[in-house]
């Protein structure tokens, strides 16, 4: 089983997540290729819709294939409000991170491709709450670094 690690520099926490290759083989492969080298992403927390945020890498030189709310990528159609703690979705070039409930009944543009490992969920929630703190209280940019953990 392929795994990725997610490092949260602002809280110095690293968690592992398992790719859901059986459910979303094509999207998992896109993510796996995207993290061939460690991928640093800037986190954007909506602040008002719940415990989720989106992480964006540096924009590519050429437009990637991405999903939208009207035409999401992936096999399974999900809503923001369906996401569970520790689920990560991929929409072609950026990642959505769920660490609690979200109130948005909209499609995020992609499907769930990974689940944070059970033993790392508490640390994951703590790290994600620090992303919110960075955005809301500290007014600083929070980042994550995603890389391949095992093949």
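Descriptive notes on the structure:
- As a length-normalised measure over Cα pairs under 8 Å and 6 or more apart, the relative contact order of the stretch 1-70 settles at 17 percent.
- Net lengthening on full extension, residue 81/residue 62 (0.36 nm per residue, minus Cα-Cα): 3.7 nm
- Between residue 37 and residue 117, the FRET efficiency from the beta-carbon distance, with R0 = 25 Å, is close to 0.65.
- With eigenvalues of the C-alpha gyration tensor scaled by 5 and rooted, the chain, Å: 21, 18, 16
- Length gained when the stretch residue 29-residue 106 is fully extended (0.36 nm per residue, less Cα-Cα span): 25.3 nm
- Structural descriptor for the chain: relative contact order 37 percent, calculated from alpha carbon pairs under 8 angstrom and at least 6 residues apart.
- Ordering 135, 140 by the number of other Cβ atoms within 10 Å of each residue's own Cβ, fewest first, gives 140, 135.
- Against the rule of thumb 2.2 N^0.38 Å, how large the Cα Rg of the stretch 20-103 comes out: 1.08
- Cα gyration tensor category, rounded, prolate or oblate, for the stretch 79-118 with a/c compared to 1.5: oblate
Values in this text are rule-based calculations from the coordinates and carry no lab data. Since we're looking at a predicted model, the values are computed, not measured. Heads up, the Cβs are rebuilt from the backbone with ideal geometry, glycines too, and the neighbour counts pull from every protein chain shown.
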